[in-house]
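Here is the structure we will look at, set down as C-alpha cells.
Any read-out appearing in this document is the output of simple, stated calculations on the displayed coordinates, not a laboratory observation. In this text, all values refer to a predicted model and were calculated from it rather than measured experimentally. Every residue, glycine as well, gets a Cβ built from its backbone with ideal geometry; the counts of neighbours run over all protein chains shown.
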Amino acid sequence: MGAGGVANPFGVLEDPIKDVVLAAVAGLFYGFRVVRISVFRDVGELRVSVFLKPSSQSSSLSAWDVLEAEERIAGSLGIRVELAHARIGVSEDGLLVLHYSFRSPDIAPLRGWER
C-alpha cells in the first residue's frame, strides 16, 4: 500500500526504473492517463511498456509524442542507446500500449530487488 492506504499500481518497489519512466513521461501524453508501467531487462536490453487510458473519446496521440517519450526515457535513465524502437498497440482491456525497446551496454539485469 502507498501513502494514504492506496495501492501503487506502478510497482516502483518491484523495479526503480518504473519510477524514472513515470517521471519521464509525466505530462507528455495530453488527454491520456498512465495507468500501468511494465519493465523487462536483461543484459544489454531494456523493454518498457506504458499503458495509457484516454480521458475522452476524442483523445489522440501524435507520433512525435511517442518518439519524444522514447528520448525522455533514455535520457532520464542516462543510458547510451545503440538501438531503440517503439511500437503502439491496444491491450485486451482497451488501453493504449506504448512499447519501447532499448539496446545499450549500460543495461544489466535487475539484482537485489527480486521478490
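Kindly write out, for region 50-66 in residue order, the coupling ³J(HN,Hα) from the Karplus curve 6.51 cos²θ - 1.76 cosθ + 1.60 (θ = phi - 60°), rounded to whole Hz, with x marking Gly and Pro.
With coefficients 6.51, -1.76 and 1.60, one gets 10, 9, 10, 10, x, 7, 8, 5, 8, 5, 9, 10, 8, 4, 4, 5, 5 Hz.
Search the structure for amide H atoms under 5 Å from the amide H of Gly44, placed 1.01 Å from N in the peptide plane, and list their residues when 5 or more places away or on another chain.
The list, which skips near neighbours in sequence, is Ile107, Ala108.
Cut-off 13 Å, label point 7 angstrom out along Cα-to-Cβ of Glu68: give me the residues of region 39-59 whose amide nitrogen falls inside.
Hits in region 39-59 for Glu68 at 13 Å: none.
Can you compute 3J(HN,Hα) from phi for each residue in region 26-43, using the Karplus curve 6.51 cos²θ - 1.76 cosθ + 1.60 with θ = phi - 60°, rounded to whole Hz and x for Gly and Pro?
4, x, 7, 9, 4, x, 9, 10, 6, 10, 7, 9, 10, 9, 10, 9, 9, 4
Normalized C-alpha radius of gyration of region 9-103, against 2.2 N^0.38 Å? Write down the numbers at each step before the final one.
On the way: Rg = 12.7 Å, N = 95, 2.2 N^0.38 = 12.4 Å.
For region 9-103, the normalised Cα radius of gyration comes out at 1.02.
Residue by residue through region 72-89, which ³J(HN,Hα) values in whole Hz follow from phi under the Karplus form 6.51 cos²θ - 1.76 cosθ + 1.60 (θ = phi - 60°), with glycine and proline marked x?
The phi angles translate into 5, 4, 4, x, 5, 7, x, 9, 8, 8, 8, 8, 9, 8, 10, 10, 10, x Hz.
Pop a pseudo-label 7 angstrom from the Cα along the beta-carbon direction at both Arg33 and Ser59 and give the gap in nm to one decimal.
Taking the simple label geometry, Arg33 and Ser59 are separated by 0.8 nm.
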